[in-house]
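Asks: Take a look at this one; I'll ask things after.
The values are calculated or read from the model by the stated rules, or taken from the named source; none is laboratory data. Please read all numbers here as calculations on a predicted model, not as lab measurements. Cβ placement follows ideal geometry from the backbone for every residue including glycine, while neighbour counts extend to all protein chains displayed. The accessibility values were calculated without ligands, DNA or RNA, using every heavy atom of the protein model including side chains. Shrake-Rupley method; radii C 1.70, N 1.55, O 1.52, S 1.80 Å.
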Amino acid sequence: MVLAVVERDGRGSLSAASGEVLGTARELAERLGVAVAAVAVGEAGDLPDDLAKQGVGRLHLLAHELLDGGGPARLGEALAGLVATLAPAAVLGADEPGVTDAMAWAATMVGAPLATACTEVRPGDDAWEVTRERSGGILLEDAVLAGPVRFCTLRPGGPAPSETAAAAEVTVDVVVPELDTTLPHATLVERRERSAGMSLATAPVVVAGGRGVGSAGGYAVLEELAGLVGGVVGCSRVATNNGWRPHSDQVGLTGTRISPDLYVACGISGATQHWVGCMNARSILAVNTDPEAPMVTRATWAVIGDVHTVLPAVVAEIRERSRRR
Amino acid sequence: MCVKRVPAVGAEILLTADGLAVDTRHLGFTIGPHEECAVEEAVRIAERTGGSAGVLTVGAPETEEQLRYAMSMGADHAVRVDAAAADGDPEATAAAITGALRDLPPYDLVLFGAASADAGHAQVGLRVACALRRPVVGGVKGIDPGPGHVSLRREVGGGVEVHEAPLPAVVTVLEGLNLPRYPTIKGRLRAKKAPIRVLPAAPPAGGLRTRRLRHRPEARAETIVLGRGAEAAPAVVDVLADLGVVR
Ligand SMILES: Cc1cc2nc3c(=O)[nH]c(=O)nc-3n(C[C@H](O)[C@H](O)[C@H](O)COP(=O)(O)OP(=O)(O)OC[C@H]3O[C@@H](n4cnc5c(N)ncnc54)[C@H](O)[C@@H]3O)c2cc1C
Ligand SMILES: Nc1ncnc2c1ncn2[C@@H]1O[C@H](COP(=O)(O)O)[C@@H](O)[C@H]1O
């Protein structure tokens, strides 16, 4: 069996990332000639219906009061218990912090390896092969995964989930895990919603500035341009480290990875750790004094020049055209 | 806090001929940004509470460079767990750290980066917490220690969560937790002479073995240069109009 860790989205349906996990799980299961089962925590929501469309016949629902807000340790322990009972060939989950942390805990409990950030999982007789992202995805690593159970988390972009005709009846199996209540554990004590608005991760346009912007005040024109094009401001780590921008604006390996329609990179050289954060942008416009800067040579469009003269001119041109219309 | 020596790669990454590692002949080394924040936070907490901050790494003697860097930021003492390479498989690294933490005087708080900057296995901290049966919270952006417990803030989707854990606890942190300081000259001098404790380790190999590193096939764009300086503005706005982001 291949066990897929799935989650509900805000509306109670199968999350997009979980859908992709099921796509890979089904491919794997077909090659191994075994079934796919899903595991989730808490309420079933729309999961049984959504799983049926994916041809998955069984859902294990972990139910225990300690799982709500119990963090990765509790979920990991519950998952390890299920793995011990079901003995799956592999456990797959989305490459997201909550899932990865729980899978790391579970893998440790059952003495198995965990390959995170996988783009491919290839089963073999004994040792399996995986391809995983390293250094934020600029490098790929082919690795051998040997163990009694293979735990893998999957990067987005795997085989697209297709609805199969084999809309099986989904058996929901409520599992009350045995949790070690003597284990000291962290507790969720508060949950606050943040003000909704356009975020760096989801904005269609990101206007980002790096060392070339030169000062905190220099971002005013980036803010202005971002406002005119319906986007938000981002930055490089140099800007964060200098205290010009908050870390929540940072694009890159240790900041946010984004995939906007347009990325405007102003005075940013394009170091790999920055590049992995913006390489999935649909298009890139670089503004840089150096025509050889990696960001320039990798961009869709470039303007060679000083951000302090180019950006004000662009803003003026946009304003001028809207006046003329 | 646990830190890992990683190559400070630039805009291109060269690989060794056997494809097993990054070619570091012309590179410097560093610790990841998440870990830099872990060091900064540990030093601040130690200063505030009158405690002490220790730094630990797993690797060969050259990894002491990163321990000394952490000490120049204010860490009080350092431990190197001896291993052939810093970039071992995550099960082996976690076992080496777990073994060392069992031998060392107890720590109230053990900080990890959420992921190492090169391998990014995103699991060593969790594995250590599990092996030591310690409470753990991952991906933390705020740490507020109190008597016997610690309050931890993390950002999720559209919200913020606060967790509370009894001490001793394990925490994996994210960059943005604080703004790390630059080491002072005095700090550097002190760190240069500070002793480093070396512990042996012989953890069994784990089940993940690197066969080869390779570059991601990249769709190379032919860059269209729209112009130089302010004169490029009309061409830029034409592009923005074509994209439909301005009218
Ligand atoms: C482990 C690790 C993780 C990291 N994670 C991240 C991360 O998440 N995000 C990130 O951004 N970085 C990250 N970094 C840092 C990264 O390596 C680079 O140092 C950083 O991205 C460089 O920022 P920059 O491009 O703004 O500065 P620089 O590299 O200094 O480039 C400045 C650019 O601006 C141009 N310029 C200068 N003046 C002007 C002007 N007036 N007008 C126009 N152009 C001008 C220059 O030609 C140059 O191309 C990480 C580093 C490490 C080691
Ligand atoms: N060789 C090492 N020595 C000390 N700490 C390490 C080492 N490798 C990983 N770590 C710690 O574990 C965290 C997560 O690493 P990883 O699981 O590889 O992503 C890092 O941010 C470090 O805090």
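Asks: Which of the residues spanning segment B:117-137 are open to solvent by 10 Å² or more (accessible area, probe 1.4 Å) and more than 12 Å from ligand 2 (Cβ to nearest atom)?
Replies: Scanning segment B:117-137 gives B:130, B:131, B:132, B:133, B:134.
Asks: Select the strands (runs of 3 or more DSSP E) contained entirely in segment A:73-191, then report the ones holding at least 1 residues which are farther than 20 Å from residue B:118 by Cα and within 14 Å of chain B (Cβ to nearest Cβ).
Replies: Strands (runs of 3 or more DSSP E) meeting the threshold: A:90-94, A:114-122, A:128-134, A:150-154.
Asks: When the residues of segment B:16-36 are filtered to those that are within 12 Å of ligand 1 (Cβ to nearest atom) and more than 9 Å from chain A (Cβ to nearest Cβ), which remaining residue is farthest from residue B:180 (Cα to Cα)?
Replies: Looking at the filtered set, the residue picked out is B:27.
Asks: Next question, about the same structure. Among the residues of segment A:271-288, are any over 20 Å from residue A:200 (Cα atoms) and in contact with a helix residue (DSSP H, G or I) (Cβ under 7 Å, 6 or more places away or on another chain)?
Replies: Scanning segment A:271-288, I find at least one residue that is over 20 Å from residue A:200 (Cα atoms) and in contact with a helix residue (DSSP H, G or I) (Cβ under 7 Å, 6 or more places away or on another chain), so the answer is yes.
Asks: Please specify each residue of segment A:260-300 satisfying the condition of being more than 9 Å from ligand 1 (Cβ to nearest atom), open to solvent by 40 Å² or more (accessible area, probe 1.4 Å) and within 24 Å of the chain's Cα centre (by Cα).
Replies: Scanning segment A:260-300 gives A:261, A:279, A:280, A:282.
Asks: What about residue A:65, is it open to solvent by 20 Å² or more (accessible area, probe 1.4 Å) and either in contact (Cβ under 8 Å) with a residue 60 or more places away in the chain or touching a His at 6+ places or on another chain (Cβ under 8 Å) (or both)?
Replies: For residue A:65, the condition - open to solvent by 20 Å² or more (accessible area, probe 1.4 Å) and either in contact (Cβ under 8 Å) with a residue 60 or more places away in the chain or touching a His at 6+ places or on another chain (Cβ under 8 Å) (or both) - is not met.
Asks: For segment B:33-148, please list each of the strands (runs of 3 or more DSSP E) lying entirely inside it that holds at least 3 residues being closer than 27 Å to residue B:195 by Cβ.
Replies: Output list reads B:54-59, B:77-82, B:109-113.
Asks: Okay, moving on. Among the listed residues A:120, A:30, which satisfies the condition of being under 24 Å from the mean Cα position of the chain (by Cα) and free of Cβ contacts under 8 Å to residues at least 60 places away in the same chain?
Replies: Exactly one of A:120, A:30 is under 24 Å from the mean Cα position of the chain (by Cα) and free of Cβ contacts under 8 Å to residues at least 60 places away in the same chain, namely A:120.
Asks: Right, something else. Please pick out the residue among B:207, B:187 that is more than 10 Å from chain A (Cβ to nearest Cβ) and open to solvent by less than 40 Å² (accessible area, probe 1.4 Å).
Replies: B:187
Asks: OK, next. If you check residue A:296 against the conditions, is it hydrophobic (A, V, I, L, M, F, W, C) and closer than 16 Å to residue A:206 by Cβ?
Replies: Criteria not met by residue A:296.
Asks: Right, here's the next one. Identify the residue in segment B:91-115 that is within 6 Å of ligand 2 (Cβ to nearest atom) and facing another protein chain (nearest Cβ under 10 Å) and, among all such residues, is nearest to the chain's Cα centre (by Cα).
Replies: B:113
Asks: For residue B:232, all conditions in the list (1) closer than 30 Å to residue A:117 by Cβ; (2) at the interface with another protein chain (Cβ under 7 Å from one of its Cβ atoms); (3) out of contact with any Ser or Thr (no Cβ under 6 Å at 6 or more places or on another chain) hold save one; what is the number of the exception?
Replies: The single condition residue B:232 does not satisfy is (1).
Asks: Would segment B:5-15 turn up any residue that is surrounded by 20 or more Cβ atoms within 10 Å (Cβ to Cβ), more than 12 Å from every other protein chain (Cβ to nearest Cβ) and either within 16 Å of ligand 2 (Cβ to nearest atom) or part of a loop (DSSP other than H, G, I, E, B) (or both)?
Replies: Checked against the condition, which is being surrounded by 20 or more Cβ atoms within 10 Å (Cβ to Cβ), more than 12 Å from every other protein chain (Cβ to nearest Cβ) and either within 16 Å of ligand 2 (Cβ to nearest atom) or part of a loop (DSSP other than H, G, I, E, B) (or both), segment B:5-15 yields at least one hit.
Asks: Could you list all residues from segment B:152-169 that are more than 21 Å from the chain's Cα centre (by Cα) and assigned to a strand (DSSP E or B)?
Replies: Correct list: B:159, B:160, B:161, B:162, B:163, B:164, B:165, B:166.
Asks: Do you know which residues across segment B:219-247 are open to solvent by 80 Å² or more (accessible area, probe 1.4 Å) and either over 38 Å from the mean Cα position of the chain (by Cα) or of a type in the set (D, E, K, R) (or both)?
Replies: Those that are open to solvent by 80 Å² or more (accessible area, probe 1.4 Å) and either over 38 Å from the mean Cα position of the chain (by Cα) or of a type in the set (D, E, K, R) (or both): B:220, B:222, B:228, B:231, B:242, B:247.
Asks: Test residue A:254 against the stated conditions and say whether it is touching a strand residue (DSSP E or B) at 6+ places or on another chain (Cβ under 6 Å), open to solvent by less than 50 Å² (accessible area, probe 1.4 Å), in the same structural domain as residue A:319 (by TED's automatic domain parsing) and among the hydroxyl-bearing types (Ser, Thr, Tyr).
Replies: In short, no.
Asks: Collect the residues in segment A:248-274 that are within 8 Å of chain B (Cβ to nearest Cβ) and touching a Gly at 6+ places or on another chain (Cβ under 8 Å), keeping them in residue-number order.
Replies: A:248, A:250, A:253, A:254, A:255, A:262, A:269, A:271, A:272, A:273
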